[in-house]
């Protein structure tokens with residue numbers, strides 16, 4: 001009975017997540033009788049409400065590798081602050097190895113302008129408007145890790161205000177004043 005309740009709770013928790021298969025790599029080990037194939041899977045999992053994680057799994061069969069990667073991704077979820085639940089609070093850059101990414105906040109209606117591995121991260125995160133560019137390596141593992149590095153450096157106005165000992169309204173009014181000043185200088 002307790003096992004049934006636990007499995008039902010697990011299924012409900014799992015149903016809230018969306019997972020995207022980013023990449024499958026087939027590797028071969030040459031042995032006396034021929035080749036033995038193995039598979040490595042990279043999966044991104046998110047709840048489309050600001051939580052996202054990625055995982056890597058290896059196995060002899062593709063479904064088993066994907067299951068292992070999905071489980072690893074669910075254990076490694078991170079929360080990302082989103083502005084109005086649709087975009088970033090500020091522009092941010094990330095790096096992992098030779099993979100470099102630049103993420104920019106975008107106005108409503110822009111959509112997700114990003115390449116393969118980064119697009120999977122944004123869709124599972126629940127982000128609707130973002131402009132992203134990958135620079136350097138196009139290796140999907142490094143791009144996903146670089147994207148997560150960038151998202152890790154994303155700050156919300158609330159956390160910045162708490163760190164500086166200010167009120168959020170004071171912080172945002174300073175931002176508006178700076179935007180008006182920049183607009184005046186351009187005119």
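Structure data summary
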read-out: Residue exposure sequence - 16, 154, 64, 186 - by fewest surrounding Cβ within 10 Å; value: 186, 16, 64, 154
read-out: Label point distance in nm, residue 182-residue 67, each placed 7 Å from Cα along Cα→Cβ; value: 5.0
read-out: Ranked list, fewest to most other Cβ atoms within 10 Å of each Cβ, for 66, 113; value: 113, 66
read-out: Highest-MSF residue in the chain out of 98, 106, 161 [GNM, Cα springs under 10 Å]; value: 161
read-out: Cα-Cα P(r), the range 1-160, percent of pairs per 10 Å interval; value: 11, 35, 31, 15, 7, 1, 0
read-out: Whole-number Å³ per residue for the convex hull built on Cα positions in the range 117-171; value: 105
read-out: Extension reserve of the residue 171-residue 138 stretch, reckoned as 0.36 nm per residue once the Cα distance is removed; value: 8.1 nm
read-out: Cβ-Cβ FRET estimate between residue 113 and residue 60, R0 fixed at 45 Å, reported to 0.05; value: 0.75
read-out: Protection proxy ranking of 82-88, 50-56, 35-41, 170-176 - average other beta-carbon atoms within 10 Å, highest first; value: 50-56, 82-88, 35-41, 170-176
read-out: Centroid-to-centroid separation of the range 133-182 and the range 97-118 [C-alpha atoms, Å]; value: 14
read-out: Per-peptide average of other Cβ atoms within 10 Å, ordering 123-129, 75-81, 27-33, 137-143 highest first; value: 123-129, 137-143, 75-81, 27-33
read-out: Listed residues 150, 132, 162, most fluctuating in the chain (Gaussian network, C-alpha, under 10 Å); value: 162
read-out: Gyration tensor (alpha-carbon) shape descriptor, the range 72-142, a/c threshold 1.5; value: oblate
read-out: Burial ordering of 23, 153, 90, fewest other beta-carbon atoms within 10 Å first; value: 153, 90, 23
read-out: Under 12 Å from the residue 29 label point (7 Å along Cα→beta-carbon), backbone N, the range 58-82; value: 59-60
read-out: The chain: relative contact order as a whole-number percent, Cα under 8 Å and 6+ apart; value: 17
read-out: Relative contact order of the range 82-186, pairs being alpha-carbon contacts under 8 Å that are 6 or more residues apart, as %; value: 29
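Every read-out reported here was derived from the displayed coordinates using simple, explicitly stated rules and does not represent laboratory data. Given the structure is predicted, the values throughout are model-derived calculations rather than measurements. Ideal geometry is used to build each Cβ from the backbone, glycine not excepted, and the neighbour counts take in all protein chains shown.
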